[in-house]
């Protein structure tokens, strides 16, 4: 059994979700409902405050669900990206809106990758959940993350 397997089995793994919108918040809910601690990261201070007060920011997740996660100590949101260094896995759920030319606007993925690279440590898992084109990880994200020296 690997260290990851033990951490997951013993619920000692901490997941970081970067981007707490309509993709990120449901992921938070699923991990928290499994008893796994989740640190949520978002650049929107208002959104973070609402979530930490136990209220939802999206229609299909009830306020009571967010309140339960926060009260149980399974979820806390922050704008402080330095906390990324303290999580075992980082799930990136940032938007990829379309440009006027109907191509994905990669600014949020690039920005998130640069932020993660600042705090990346050995053994962390980074997963991009954002909708994007094939090759994004290899061509765009990996070189940015590799700039961390890992």
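We did not get these values from a lab; they are worked out from the coordinates using the rules stated. Treat the numbers as computed from the prediction; the structure is a model and nothing was measured. Neighbour counts run over all protein chains shown; Cβ positions are idealised from the backbone, glycine included.
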- Inter-label distance for residue 150 and residue 61, nm, one decimal - labels placed 7 Å from Cα along Cα-to-Cβ: 2.4
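Ranked by Cβ crowding within 10 angstrom, fewest neighbours first, how are 22, 119 ordered?
Working: 22 14, 119 17.
Going from least to most buried by this count: 22, 119.
Please list 42-54, 92-104 highest first by mean number of surrounding beta-carbon atoms within 10 Å per residue. It would help to have the intermediate numbers written out before the result.
Working: 42-54: 16.1, 92-104: 13.8.
Averaged packing, sorted descending, gives the order 42-54, 92-104.
When all alpha-carbon pairs of the chain are counted, what percent fall beyond 21 Å? List each step's numbers first, then the result.
Values: 5015 of 11175 pairs.
Above the 21 Å cut-off, the chain has 45 percent of its Cα pairs.
In percent, how large is the relative contact order of the range 34-131, given Cα pairs closer than 8 Å and 6 or more residues apart? Intermediate results must be reported in sequence, preceding the final value.
Details: 123 pairs, mean separation 25.8, N = 98.
That works out to 26 percent.
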- Note on the structure: So, with points 7 Å from each Cα along the Cβ direction, the residue 121-residue 34 label distance in nm works out to 2.2
- Message: Counting other beta carbons within 10 Å of each residue's own, what order do 69, 106 fall into, fewest first?
- Response: 106, 69
- Message: Multiplying the sequence separation of residue 80 and residue 133 by 0.36 nm and subtracting their Cα-Cα distance, what value in nm do you get?
- Response: 16.2 nm
- Message: For the pair residue 52/residue 71, report the inter-label distance in nm, with labels modelled 7 Å from Cα in the Cβ direction.
- Response: 2.0
- Query: Under the rule of -39500 (n - 2.57) per DSSP H run of 4 or more residues, summed and divided by the residues of the chain, what mean residue ellipticity at 222 nm is obtained, to the nearest 500 deg cm²/dmol?
  - Reply: -9500 deg cm²/dmol
